[in-house]
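Let me begin by presenting the structure, written as structure tokens, before commenting on it.
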Amino acid sequence: MKYAAVVSYDGSSYNGFQRQKETKSVQGELERFLTFFLGKETTVKGAGRTDKGVHALGQVISFESPRKLDGGHFLKEADSLLPPSISIKSIREVDPAFDARHSSVAKVYLYRFRLGRSDPFSARYVYFPGFKMDLDVLRATLETYLGEHNFRCFTGKEADVDGYRRTIKSVSLGEEGGEYRIELKATGFMRYMVRMMLGVAFRVAAGKLTPDYIAARFRDPSLGPVPYMAPAEGLYLKEVLYK
């Protein structure tokens with residue numbers, strides 16, 4: 001039987017989602033729990049491979065189980081055996097063909113930042129730029145990402161079967177209690193893509209780059225990866241969408 005689970009985690013303590021031999025990863029912790037709980041070696045497939053320090057509110061994983069699971073008991077055991085920085089929010093049985101990554105139709109990322117002085121109690125979860133930004137310019141800059149483009153200059157990925165083309169379906173900038181939140185929804189994101197997009201957008205809003213900087217890289221992907229990347233601590237995989 002195959003199951004899908006929604007997972008949230010604090011990425012501060014992990015070297016990314018993907019399993020690694022000598023460092024802590026979210027996937028490694030989940031597989032350790034599932035192997036113990038199910039009594040057999042279990043591999044987890046994640047909807048996305050978040051970077052070191054990146055958080056998740058709604059990461060989705062899929063895995064095989066040798067037996068039917070009781071959802072309530074499973075979640076109780078997960079709360080007891082997983083580190084406090086990882087929480088399985090829900091679980092459901094899915095079709096055997098379901099794949100957490102390839103079955104998804106869109107992903108939503110959230111980025112949190114505050115202007116002004118840094119706060120040591122939230123610095124692991126919110127970005128404090130340390131420079132002024134024109135928020136109207138930031139909003140207009142983010143909107144230039146909308147639609148289908150070649151994002152070769154906005155990823156560290158070395159090769160891509162889709163020709164680095166992705167479609168940004170929506171983008172928004174909101175504010176609540178002095179905290180600004182950017183949400184990006186797309187058919188998919190490549191390695192470092194969101195952080196590079198925002199790293200450039202923040203610098204355009206600060207007057208450090210021209211508004212044409214992004215369009216120039218869409219026109220000529222051979223310019224190479226941009227040298228700007230927003231810090232990991234403000235980024236969250238918010239939601240993974242399926243048909």
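The values are calculated or read from the model by the stated rules, or taken from the named source; none is laboratory data. Just so you know, these numbers come straight off a predicted model, no measurement behind them. Backbone-built Cβ (ideal geometry, glycine too); neighbour counts: all protein chains shown. Just the protein is used for accessible areas: all its heavy atoms, side chains included, with ligands, DNA and RNA removed. Shrake-Rupley method; radii C 1.70, N 1.55, O 1.52, S 1.80 Å.
With the structure loaded, tell me whether Ser172 is open to solvent by 40 Å² or more (accessible area, probe 1.4 Å) and assigned to a strand (DSSP E or B) or whether it fails that test. Don't jump to the end; show me each part of the working.
Working: open to solvent by 40 Å² or more (accessible area, probe 1.4 Å): yes; assigned to a strand (DSSP E or B): yes.
Here the answer is yes, as Ser172 does meet what is asked.
When both residues are 6+ apart or on different chains and their Cβ atoms are under 9 Å apart, which pairs have a first residue that lies in segment 213-224 and is more than 18 Å from Thr141 (Cα to Cα), and a second that is not in a helix (DSSP H, G or I)?
Pro221/Asn150; Pro221/Phe151; Pro221/Tyr164
When you scan segment 25-48, do you find a residue that is farther than 28 Å from Ala230 by Cβ, basic (Lys, Arg) and outside any loop (DSSP other than H, G, I, E, B), even just one? Give the steps one after another, and end with the answer.
Initial filter on segment 25-48 (farther than 28 Å from Ala230 by Cβ): 31-43.
Cutting the leftovers down to basic (Lys, Arg) gives us 32, 40.
Among the residues that remain, those that are also outside any loop (DSSP other than H, G, I, E, B) are: 32.
Among the residues of segment 25-48, at least one is farther than 28 Å from Ala230 by Cβ, basic (Lys, Arg) and outside any loop (DSSP other than H, G, I, E, B), which makes the answer yes.
List pairs: first in segment 25-36 and within 15 Å of Tyr14 (Cα to Cα) and in contact (Cβ under 8 Å) with a residue 60 or more places away in the chain, second aromatic (Phe, Trp, Tyr) and open to solvent by 10 Å² or more (accessible area, probe 1.4 Å), Cβ under 6 Å, 6+ apart or cross-chain?
Hits for this filter: Val26/Tyr9.
Any idea how many residues of segment 119-142 are open to solvent by less than 60 Å² (accessible area, probe 1.4 Å), free of Cβ contacts under 8 Å to residues at least 40 places away in the same chain and farther than 23 Å from Asp10 by Cα?
Matching residues across segment 119-142 total 0.
Taking segment 143-160, which residues are hydrophobic (A, V, I, L, M, F, W, C), surrounded by 20 or more Cβ atoms within 10 Å (Cβ to Cβ) and in a loop (DSSP other than H, G, I, E, B)? Quick ask: steps written out before the conclusion?
First pass over segment 143-160, keeping only residues hydrophobic (A, V, I, L, M, F, W, C): 146, 151, 153-154, 159.
This time we only want the ones that are surrounded by 20 or more Cβ atoms within 10 Å (Cβ to Cβ), so: 151, 153-154.
Once the filter is applied, which keeps residues that are hydrophobic (A, V, I, L, M, F, W, C), surrounded by 20 or more Cβ atoms within 10 Å (Cβ to Cβ) and in a loop (DSSP other than H, G, I, E, B), segment 143-160 yields only Phe151.
Scan segment 104-118 residue by residue and report those that are of a type in the set (S, T, N, Q) and either open to solvent by less than 40 Å² (accessible area, probe 1.4 Å) or closer than 12 Å to Tyr236 by Cβ (or both).
Quick first cut of segment 104-118, residues of a type in the set (S, T, N, Q) only: 104, 118.
The answer is Ser104, and nothing else.
Among the candidates Glu77, Glu29, which residue alone is touching a helix residue (DSSP H, G or I) at 6+ places or on another chain (Cβ under 9 Å) and farther than 23 Å from Leu241 by Cα? Full working, then the answer.
Details: Glu29 fails: touching a helix residue (DSSP H, G or I) at 6+ places or on another chain (Cβ under 9 Å).
Checking each option against the conditions leaves just Glu77.
Starting from residues that are under 20 Å from the mean Cα position of the chain (by Cα) and hydroxyl-bearing (Ser, Thr, Tyr), keep the ones in segment 77-94 and report whichever is most open to solvent (accessible area, probe 1.4 Å).
Per the stated criteria, the residue is Ser90.
Name the pairs: first residue in segment 67-82 and in contact (Cβ under 8 Å) with a residue 12 or more places away in the chain, second residue assigned to a helix (DSSP H, G or I) and open to solvent by 80 Å² or more (accessible area, probe 1.4 Å), Cβ to Cβ under 7 Å, at least 6 apart or on different chains?
Pairs found: Leu81/Phe36.
Looking at segment 128-138, which of its residues are of a type outside the set (Val, Ile, Thr) and farther than 14 Å from Met197 by Cβ?
Phe128, Pro129, Gly130, Phe131, Lys132, Met133, Asp134, Leu135, Asp136
Is it the case, given these coordinates, that Ala97 is open to solvent by less than 30 Å² (accessible area, probe 1.4 Å), without any contact (Cβ under 8 Å) to a residue 60 or more places away in the chain and more than 21 Å from Leu235 (Cβ to Cβ)? Please lay out each step first, then the result.
Numbers: open to solvent by less than 30 Å² (accessible area, probe 1.4 Å): no; without any contact (Cβ under 8 Å) to a residue 60 or more places away in the chain: yes; more than 21 Å from Leu235 (Cβ to Cβ): yes.
Considered against the rule, which asks whether it is open to solvent by less than 30 Å² (accessible area, probe 1.4 Å), without any contact (Cβ under 8 Å) to a residue 60 or more places away in the chain and more than 21 Å from Leu235 (Cβ to Cβ), Ala97 comes out as no.
Which of the residues belonging to segment 39-62 are in contact (Cβ under 8 Å) with a residue 60 or more places away in the chain, buried (at least 22 other Cβ atoms within 10 Å of the Cβ) and touching a helix residue (DSSP H, G or I) at 6+ places or on another chain (Cβ under 9 Å)?
Across segment 39-62, the qualifying residues are Thr50, Val54, His55, Ala56, Gln59.
Which numbered condition in (1) part of a loop (DSSP other than H, G, I, E, B); (2) open to solvent by less than 10 Å² (accessible area, probe 1.4 Å); (3) farther than 28 Å from Arg124 by Cα is the only one that Phe74 fails?
Status for Phe74: all satisfied but (1).
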